[in-house]
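Here the structure is laid out as structure tokens; the discussion comes afterwards.
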Amino acid sequence: MRVLVVGASGLLGGNVTSVALGRGKTVTAVYHSEDPGFDCPSHQIDITASTAVDDLVTEVDPDAIINCAAMTDVDGCESDPEQAHAVNADGAEHVARAADSVDAALIHTSTDYVFDGEETAPYSENAEPDPSQVYGESKLTGERRVREVHSDPLIARLSFVYGRSLPDGSISGFPAWVLEKARKGDSIPLFTDQRVSPSYAKATAKTLLDLLEADQEGTFNVASRSCVTPSEFGELIVEEAGFADATLTESSMSDVDRDAERPQYTCLDTTAVEEALGRPQSTLEEDLADLL
Ligand SMILES: NC(=O)c1ccc[n+]([C@@H]2O[C@H](COP(=O)([O-])OP(=O)(O)OC[C@H]3O[C@@H](n4cnc5c(N)ncnc54)[C@H](OP(=O)(O)O)[C@@H]3O)[C@@H](O)[C@H]2O)c1
């Protein structure tokens, strides 16, 4: 199977590339700024340029495209909404249209930030989206455009992505920040008033490839089974990494001045993906044991 991974230099895209190569797929890695250096052909592309996307997809003629490219800087999206929409909505549409034109299956990645965070129980795929910042709006527009131009896309909504950047292996995302502070002996302020279902990049990549191999389509939440505050997440990280004397302090989302509003509660219900694959998603504890 020929798989084109768009955004292969990102955290999730690197993990998807690695898992796909490990499963014997013929992978082409598509990066934006810097070639990640996987042992497979690679191409530079800016997905905001539709002709470049079309040309590449026609040349590679993949059986499947997994689009992990996005403008993920939530505050950066707030200050540059044009670029956020260019990448997360227009770029998503370009990739989906090109996939459809060569009859390639498509996995498009989206976010829990399509929700406003007003719920108190995990969001199902059918919950009504209502984003509260530019990032979520641009990703939701991207989802809608993808559904318009591709006949049977799979849209995977993730939450709080973390893991090892590949191929270099460095830890990325929230655990990297917590571990850096713990190493320095700094106190670590952690929110107690936000709840998320962290998506471990390696486990997420395996789930995405499983969904592709199972010919699934539609919208799926792809996250751990756990619904935690950053404070609980941080406690598990320092415990797993053996920083028994780390200084964790309680903090609130309102203590930090940021351009974009964050939803307070975006835990995701993983029942649908578990039923589709006939296996449970991993828990945060299992994922951290693997990571650390
Ligand atoms: N990070 C999270 O916490 C989170 C949470 C929920 C959902 N998600 C979703 O999960 C997916 C993967 O996110 P991630 O955490 O792996 O993000 P990431 O590490 O920031 O990677 C994003 C990738 O997109 C590429 N990219 C950005 N602009 C591009 C453009 N114009 N053309 C082509 N490529 C471009 C980046 O390349 P350059 O760096 O070279 O620009 C990078 O390789 C995204 O769909 C994201 O919206 C992420």
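Descriptive notes on the structure:
- Restricting the search to helices (runs of 4 or more DSSP H) fully inside the stretch 1-82 and requiring at least 3 residues that are within 30 Å of residue 257 (Cα to Cα) and not hydrophobic (A, V, I, L, M, F, W, C) gives 74-79.
- Taking the stretch 115-124 as the range and being more than 13 Å from the ligand (Cβ to nearest atom) and in a strand (DSSP E or B) as the test, no residue passes.
- Selection count where residues are under 18 Å from the mean Cα position of the chain (by Cα) and farther than 15 Å from residue 166 by Cα, scope the stretch 4-31: 1
- Set 137, 128: member being outside any strand (DSSP E or B), surrounded by 19 or more Cβ atoms within 10 Å (Cβ to Cβ), more than 12 Å from the ligand (Cβ to nearest atom) and at negative phi: 137
- Residue check for residue 36: touching a Ser or Thr at 6+ places or on another chain (Cβ under 7 Å), over 18 Å from residue 201 (Cα atoms) and modelled with pLDDT of 95 or more: no
- Scanning the stretch 129-141 for residues that are within 13 Å of residue 219 (Cα to Cα) and without any contact (Cβ under 8 Å) to a residue 24 or more places away in the chain returns a single hit, 129.
- Evaluation of residue 260 against (1) of a type in the set (A, V, I, L, M); (2) in contact (Cβ under 8 Å) with a residue 60 or more places away in the chain; (3) more than 16 Å from the ligand (Cβ to nearest atom); (4) over 30 Å from residue 105 (Cα atoms) (one fails), failing number: (3)
- Here residue 237 clears all of (1) over 21 Å from the mean Cα position of the chain (by Cα); (2) within 17 Å of residue 289 (Cα to Cα); (3) hydrophobic (A, V, I, L, M, F, W, C); (4) surrounded by 20 or more Cβ atoms within 10 Å (Cβ to Cβ) except the condition numbered (1).
Let's see how each residue does on (1) within 12 Å of the ligand (Cβ to nearest atom); (2) in contact (Cβ under 8 Å) with a residue 12 or more places away in the chain; (3) closer than 29 Å to residue 134 by Cβ; (4) of a type in the set (A, V, I, L, M, F, W, C):
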| position | (1), (2), (3), (4) |
| --- | --- |
| 2 | no, yes, no, no |
| 29 | yes, yes, yes, yes |
| 43 | yes, yes, yes, no |
| 47 | yes, yes, yes, yes |
| 57 | no, yes, yes, yes |
| 64 | no, yes, no, yes |
| 93 | no, yes, yes, no |
| 99 | no, yes, yes, yes |
| 113 | yes, yes, yes, no |
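- The lone criterion from (1) under 24 Å from residue 102 (Cα atoms); (2) within 15 Å of the ligand (Cβ to nearest atom); (3) in contact with a Pro (Cβ under 9 Å, 6 or more places away or on another chain) left unmet by residue 142 is number (3).
- Check on residue 72, within 15 Å of the ligand (Cβ to nearest atom) and among the β-branched types (Val, Ile, Thr): yes
- The single condition from (1) over 19 Å from residue 292 (Cβ atoms); (2) in a strand (DSSP E or B) that residue 248 fails is (1).
- Any pair with Cβ under 8 angstrom, 6 or more apart, that starts in the stretch 8-25 at a residue that is more than 24 Å from residue 159 (Cα to Cα) and ends at one that is within 8 Å of the ligand (Cβ to nearest atom): none
- Unique match (being of a type outside the set (Lys, Arg) and under 17 Å from the mean Cα position of the chain (by Cα)) among 226, 251, 231: 226
- Of the candidates 179, 190, 166, the single residue that is within 15 Å of the ligand (Cβ to nearest atom) and out of contact with any Phe, Trp or Tyr (no Cβ under 6 Å at 6 or more places or on another chain) is 166.
- Options 289, 272; residue that is under 16 Å from residue 122 (Cα atoms), at pLDDT 95 or above and part of a helix (DSSP H, G or I): 272
The values are calculated or read from the model by the stated rules, or taken from the named source; none is laboratory data. Just so it is clear, the structure is predicted and the values come from calculations on it, not from any experiment. Virtual Cβ from ideal backbone geometry, glycine too; neighbours counted across all protein chains shown.
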